[in-house]
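Since the structure comes first, as structure tokens, the remarks are kept for the end.
The values are calculated or read from the model by the stated rules, or taken from the named source; none is laboratory data. Keep in mind that what you see is a predicted model, and the values were worked out from it rather than measured. Ideal geometry is used to build each Cβ from the backbone, glycine not excepted, and the neighbour counts take in all protein chains shown. Side chains included, ligands, DNA and RNA excluded: accessible areas come from the protein's heavy atoms. Shrake-Rupley method; radii C 1.70, N 1.55, O 1.52, S 1.80 Å.
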Amino acid sequence: LLIYELNRARDNPVRYAQENGLGTLLDGVAPSPPLAVNNALVGSASWHAEDMADRDYFAHQADPPDSRWPNQVALDAGYNHPWIGADNYIESLAAGYLDVQAALRGLIEDAGVTPPGHREHLLATGPSASFWLQHREIGTGYDLNLTSTYDRYYAIHTAYINTTDLFLTGVVYNDLNGNGRYDLAEGLGGVTVS
């Protein structure tokens with residue numbers, strides 16, 4: 001659901017802002033291509049969300065003794081992006097939000113954050129837009145631990161292996177509530193698209 005909602009925001013930032021009470025915040029933000037799900041990035045993002053929840057911290061760099069940064073976590077999960085070393089060129093994090101829509105809204109709003117790095121990362125905008133537009137794939141992670149500080153932890157990893165890679169993306173769903181878009185529990189699996 002988070003990936004679907006992010007791709008909707010990337011497709012039409014102004015519509016996303018209107019639907020989510022963000023006013024004119026995204027006026028002037030250009031649409032960007034959708035991101036395709038990659039299982040290795042799902043693995044790296046899921047590991048980080050679970051690690052934060054289990055060990056009760058909230059940071060891009062894992063707490064010791066692990067101490068890995070997102071770039072290395074993704075490499076270790078099998079995603080061969082071009083960045084080596086202790087750094088973060090791939091991750092946005094959120095914590096404490098009750099659902100994925102609220103977490104994504106919070107990251108895109110980036111209230112009080114200057115520059116709004118999460119927004120720039122996720123919507124491929126700002127001074128580094130040309131870098132973010134190279135990202136082709138995405139993985140997300142979520143974990144719940146009611147004994148941790150923030151209860152709910154979200155991680156979003158985006159990256160690329162080749163900037164020329166092309167992907168077919170989308171969601172197959174049964175629109176149970178008739179709102180014309182995918183919602184939680186409406187997805188269909190095992191569907192062949194031709």
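Remarks
- Within segment 23-36, the set of residues being touching a helix residue (DSSP H, G or I) at 6+ places or on another chain (Cβ under 6 Å) and in contact (Cβ under 8 Å) with a residue 40 or more places away in the chain comprises Leu25, Leu26, Val29, Ser32, Pro34.
- For Tyr150, the conditions (1) over 21 Å from the mean Cα position of the chain (by Cα); (2) open to solvent by 70 Å² or more (accessible area, probe 1.4 Å) are fulfilled apart from (1).
- Pairs meeting the criteria (first residue in segment 146-168 and more than 12 Å from Tyr57 (Cα to Cα), second residue open to solvent by 100 Å² or more (accessible area, probe 1.4 Å) and in a loop (DSSP other than H, G, I, E, B), beta carbons under 6 Å, at least 6 apart or on different chains) are Ile161/Asn80.
- Per-region count, segment 182-194, residues in a loop (DSSP other than H, G, I, E, B), of a type outside the set (Phe, Trp, Tyr) and surrounded by 14 or more Cβ atoms within 10 Å (Cβ to Cβ): 2
- Residues located in segment 1-58, provided they are basic (Lys, Arg), surrounded by fewer than 18 Cβ atoms within 10 Å (Cβ to Cβ) and within 14 Å of the chain's Cα centre (by Cα): Arg8
- When Pro82, Pro127, Pro115 are checked against the criterion of being within 16 Å of Leu41 (Cα to Cα) and open to solvent by 60 Å² or more (accessible area, probe 1.4 Å), a single residue qualifies: Pro82.
- Each residue in segment 85-112 was checked for being of a type in the set (A, V, I, L, M, F, W, C) and open to solvent by 40 Å² or more (accessible area, probe 1.4 Å), and 3 pass.
- Residues located in segment 103-162, provided they are polar (S, T, N, Q) and closer than 15 Å to Asn88 by Cβ: Ser128, Thr158
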